[in-house]
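The values are calculated or read from the model by the stated rules, or taken from the named source; none is laboratory data. In this text, all values refer to a predicted model and were calculated from it rather than measured experimentally. Positions of Cβ are backbone-derived with ideal geometry, glycine not excepted, and every protein chain shown enters the neighbour counts.
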Amino acid sequence: MWKFLSDIVQKTLSGFGERLAAFGPNLLAMALIVLAGLLLAGLVRLGLRFLLPRLGFDRLAQRTGLATMLQKGGIAAPPSRVLAVGAAWAVVAVFVLLGIGALNLQFAMDLLSRAFSYLPNLLIALALVLLGSLAAAFVRRSVLIAAVNAGLPSARLLAGGVRTGLMVLFIAMALEHLGVGRQVMLTSFAIMFGGVVLALALAFGLAGRDLARELLEGALKPGGEGPHGDELRHL
Amino acid sequence: MSAATLSPEVEAQLKEIGPVELLVGIPSFNNARTIGHVVRAVSTGLAKYFPGRPAAIVNSDGGSSDGTREQVVAAELASPSSILVAHALSPAQKIVTPYDGIPGKGSAFRTVFTIAERLGARACAVVDSDLRSITPEWIELLLGPVLGQGQDFVAPLYLRHKYDGTITNSIVYPLTRALYGKDVRQPIGGDFGFSGRLAAHYLGKPVWDSNVARFGVDIWMSTTAVAEGFEVCQAFLGAKLHDAKDPGADLADMMVQVVSSVFDLLGAYRDRWASVTGVEAVPLFGFPHGVGLEPVRVDAERMIRVFRQAARDLSEIWRSALAEETWRDVRQLAEAELDQFRFPDAVWVRTVYDFALAYQRRLLPADQLLRSLVPAYLGRTAGFVLETVTSDAEDVEARIRLLADRFVAQKPYLLQRWS
């Protein structure tokens, strides 16, 4: 009985030792790859933190509204630093995936393969959200300035509404790309967008009749200069 | 040399006409209602004040579809009976041509400059095609100083209502005067005289694919002349009355077009204006006189409302464009009572200089930045109107001069922040 147990333990240990001997180099390779990834990520972070401000990235972010968007999201750091950190984490993520691949395990290979095949969708979705936020910030500012110049009292509300609508549109497009709740997203967006348009139409029709009449009269009356009737010639 | 391309018909006509001494250009686009009158006034002016001198009238058209070009062709040129002279007249030659290039007044002028150079004109003028108040005397006043007094550029000086031309009065005139040191009162007047030498100089500039070709040619011509040391003078032309205003003309669009042109030139000529101190008067030709002008209705209360709203709603833009001190002052102004509302000169000058710097540094897209200047301009205009409501035109002119002097006094602020 004792011998039987001893054989089993010996077989188990020798089997583990063999598997460890076969698997050890893969583990070591993974550790090395992850370590190299961490080092490279550090270098990327340092390099971007040095280069981006000198290339005027923070100024560009200020112009495009990206900096304001980050601040509103509670991120007070300069956009160049945020991008440097993001890029460093992306490098780490790629090297961790490569490290898992080095283990040469079937499930790891499947995971790696799926992750890499999903990566383009993820990148496109990220690009869509980034593009959307830039476009939304730009359009919001244009609408805000035009509404203030026209003397509309709810200029901020209008500009904010336009920005939110655009962001929702781009996020819905990004989620569609990721394949997350495709039907649910599409239906929700259609219902919400239709609802907003209907609400606006009703609000304008019921509450803004006089304003609409005044605006149309100002625009269509020959020689009219809008509802305010200034006769200043500015040039 | 970046001359405009001329059609074979125009080339043939130029060969037939031969050299001329005087040339008047009339840019047009759908001005059939008024251009006949303008052509007759120009032709009469040439015949009356410059008899015997070979001359040409060039209509540079932007593809009018209302019969503008036909009106020019049909316009009768001066006859002895129309101007009460006994001597023989040599009527001016008419050249009617579409211009090529980007649609805009600048491209029309480019064609005029090209023809002026090809015909060897000594003195040239350009006049708007929508003028109702042009008289033959304008031609004498625009060409005479070039021909007889050695001037290179004749800027118009119009008689205007005290609240007419408020962008000119509060931004373009004082800023141009302070930067380049020449007291040209209406640098974007639209009707100018210039020498053939200056026309060739304009033609050689690499600007004909830029905004100058579209809308900024008036201020560009004036600024180039004053900044590059040409002999500059003014001619008093009396009142300027246009055809009915384009109802589509929008204040924000005007602001973007005019102020972007001024700010672009400010960047381009930085090395020249940085060393200019003080202001010198330029010779004035003509006989200044007063005429009755129609009153102008101004809704100052609405302007102040827009300004106040902008101080609240556009705070993120203004805060980034304005220096901290200026932003603080502007916020305080927005809180003033309506009847006490004023926009002090010192704050306005800093506002304009700060926006000029923000424009150079590209803090925001140019279009958005300049559109956001509109409410500040309305605030300034409202304050000015309230301050001068009982003043006559002369007092208002003196008040504008004070503002212009303030721009000069605070020029070191611009230089300091620029560097």
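Just to verify a result, which residue in region B:297-319, among those that are crowded, with 18+ Cβ neighbours inside 10 Å and closer than 24 Å to B:GLN410 by Cα, is nearest to the other protein chains (Cβ to nearest Cβ)?
B:ILE317
Among residues belonging to region A:82-97 that are more than 20 Å from A:LEU51 (Cβ to Cβ) and touching a residue at least 24 places away in the same chain (Cβ under 8 Å), point out the one that is nearest to the other protein chains (Cβ to nearest Cβ).
Going through the qualifying residues, I end up with A:VAL94.
Taking interchain pairs and intrachain pairs at least six residues apart, which have beta carbon atoms under 9 angstrom, with the first residue in region A:166-184 and closer than 30 Å to A:VAL143 by Cβ and part of a helix (DSSP H, G or I) and the second at pLDDT below 85 and basic (Lys, Arg)?
Sorted first by the residue in region A:166-184, then by its partner, the pairs are A:LEU175/A:ARG182; A:GLU176/A:ARG182.
Write out, first by first residue and then by second, each pair whose Cβ atoms fall under 9 Å of each other, whose residues are 6+ apart or on separate chains, and whose first residue, in region A:44-58, is of a type in the set (Val, Ile, Thr) while the second is part of a helix (DSSP H, G or I).
A:VAL44/A:ALA84; A:VAL44/A:ALA87; A:VAL44/A:ALA88; A:VAL44/A:ALA90; A:VAL44/A:VAL91
Count, please, the residues in region A:118-144 that happen to be under 11 Å from A:THR64 (Cβ atoms) and away from chain B (no Cβ under 14 Å).
Total satisfying the criteria: 4.
Inspect all residues belonging to region B:151-159 and state whether any of them is under 22 Å from A:ARG233 (Cβ atoms), out of contact with any Lys or Arg (no Cβ under 6 Å at 6 or more places or on another chain) and within 14 Å of chain A (Cβ to nearest Cβ).
Scanning region B:151-159, I find at least one residue that is under 22 Å from A:ARG233 (Cβ atoms), out of contact with any Lys or Arg (no Cβ under 6 Å at 6 or more places or on another chain) and within 14 Å of chain A (Cβ to nearest Cβ), so the answer is yes.
Restricting attention to region A:1-56, and to residues there that are at pLDDT below 90 and of a type in the set (Lys, Arg), which single residue is nearest to A:ALA84 (Cα to Cα)?
Per the stated criteria, the residue is A:ARG54.
Scan region B:380-419 residue by residue and report those that are outside any helix (DSSP H, G or I) and touching a residue at least 40 places away in the same chain (Cβ under 8 Å).
Across region B:380-419, the qualifying residues are B:THR388, B:SER391, B:ASP392, B:GLN410.
Does region B:235-257 include one or more residues that are over 25 Å from B:ASP164 (Cα atoms) and without any contact (Cβ under 8 Å) to a residue 60 or more places away in the chain?
No, the conditions are met nowhere in region B:235-257.
Among the residues of region B:336-386 satisfying the criterion of being of a type in the set (Asp, Glu) and away from chain A (no Cβ under 14 Å), which is farthest from B:ALA323 (Cα to Cα)?
It comes out as B:ASP339.
Taking the condition at pLDDT below 95 and assigned by TED's automatic domain parsing to the domain that holds B:GLY383, does B:ARG350 pass?
So B:ARG350 does not fit the description; no.
Can you pull out the helices (runs of 4 or more DSSP H) entirely within region B:253-345 that have at least 2 residues that are basic (Lys, Arg)?
Where helices (runs of 4 or more DSSP H) fall fully within region B:253-345 and carry at least 2 residues being basic (Lys, Arg), they are B:270-273, B:300-313, B:324-334.
Would you check if there is a residue in region A:170-177 being loosely packed, with under 13 Cβ neighbours inside 10 Å and out of contact with any Phe, Trp or Tyr (no Cβ under 6 Å at 6 or more places or on another chain)?
No.
Filter region A:145-167 down to the residues that are among the β-branched types (Val, Ile, Thr) and facing chain B (nearest Cβ under 10 Å) and list them by number.
Selection gives A:ILE145, A:VAL148.
Among residues belonging to region B:227-255 that are small (Gly, Ala, Ser) and either more than 14 Å from chain A (Cβ to nearest Cβ) or surrounded by 13 or more Cβ atoms within 10 Å (Cβ to Cβ) (or both), point out the one that is farthest from B:SER28 (Cα to Cα).
Checking each candidate, the answer is B:GLY229.
In the list B:VAL258, B:VAL212, which residue meets the criterion of being more than 14 Å from every other protein chain (Cβ to nearest Cβ) and closer than 30 Å to B:ALA409 by Cα?
B:VAL212
Please work out which one of (1) under 26 Å from B:PRO412 (Cβ atoms); (2) out of contact with any Gly (no Cβ under 7 Å at 6 or more places or on another chain) is the condition B:TYR202 fails and give its number.
(1)
Exactly one condition in (1) in contact with a Gly (Cβ under 9 Å, 6 or more places away or on another chain); (2) surrounded by 20 or more Cβ atoms within 10 Å (Cβ to Cβ); (3) without any contact (Cβ under 8 Å) to a residue 40 or more places away in the chain is not met by B:ASN30; state its number.
B:ASN30 satisfies all of (1) in contact with a Gly (Cβ under 9 Å, 6 or more places away or on another chain); (2) surrounded by 20 or more Cβ atoms within 10 Å (Cβ to Cβ); (3) without any contact (Cβ under 8 Å) to a residue 40 or more places away in the chain except (2).
Given the criterion buried (at least 16 other Cβ atoms within 10 Å of the Cβ), in the same structural domain as A:SER117 (by TED's automatic domain parsing) and in a helix (DSSP H, G or I), identify the matching residue among A:LEU158, A:LEU152.
A:LEU158
Residues checked against (1) within 14 Å of another protein chain (Cβ to nearest Cβ); (2) in contact with a Lys or Arg (Cβ under 7 Å, 6 or more places away or on another chain); (3) closer than 30 Å to B:LEU364 by Cα:
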site	(1), (2), (3)
A:PHE16	no, no, no
A:LEU40	no, no, no
A:ARG54	no, no, yes
A:PHE57	yes, no, yes
A:MET69	yes, no, yes
A:ALA77	no, no, yes
A:SER80	no, yes, yes
A:GLY99	no, no, no
A:ALA115	no, no, no
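Within region B:137-233, considering only helices (runs of 4 or more DSSP H) that don't extend past its boundaries, which have at least 2 residues that are within 11 Å of the chain's Cα centre (by Cα)?
It comes to B:217-227.
Of all residues in region B:360-379, how many are among the basic types (Lys, Arg) and not in a helix (DSSP H, G or I)?
Adding up the residues that qualify gives 2.
Which numbered condition trips up B:SER82, out of (1) of a type in the set (Ser, Thr, Tyr); (2) over 23 Å from the mean Cα position of the chain (by Cα); (3) at pLDDT 90 or above?
(3)
Among (1) buried (at least 20 other Cβ atoms within 10 Å of the Cβ); (2) within 30 Å of A:SER154 (Cβ to Cβ); (3) at pLDDT 90 or above, which single condition is B:ASP345 missing?
Going through (1) buried (at least 20 other Cβ atoms within 10 Å of the Cβ); (2) within 30 Å of A:SER154 (Cβ to Cβ); (3) at pLDDT 90 or above one by one, B:ASP345 breaks only (2).
Scan B:GLN257, B:GLN151, B:GLN234 and give me the residue that is in contact with a Cys (Cβ under 7 Å, 6 or more places away or on another chain) and either more than 30 Å from B:PHE287 (Cα to Cα) or not hydrophobic (A, V, I, L, M, F, W, C) (or both).
The conditions single out B:GLN151.
Residues being farther than 15 Å from B:PRO412 by Cα and of a type in the set (A, V, I, L, M): count how many of those fall in region B:163-190.
5
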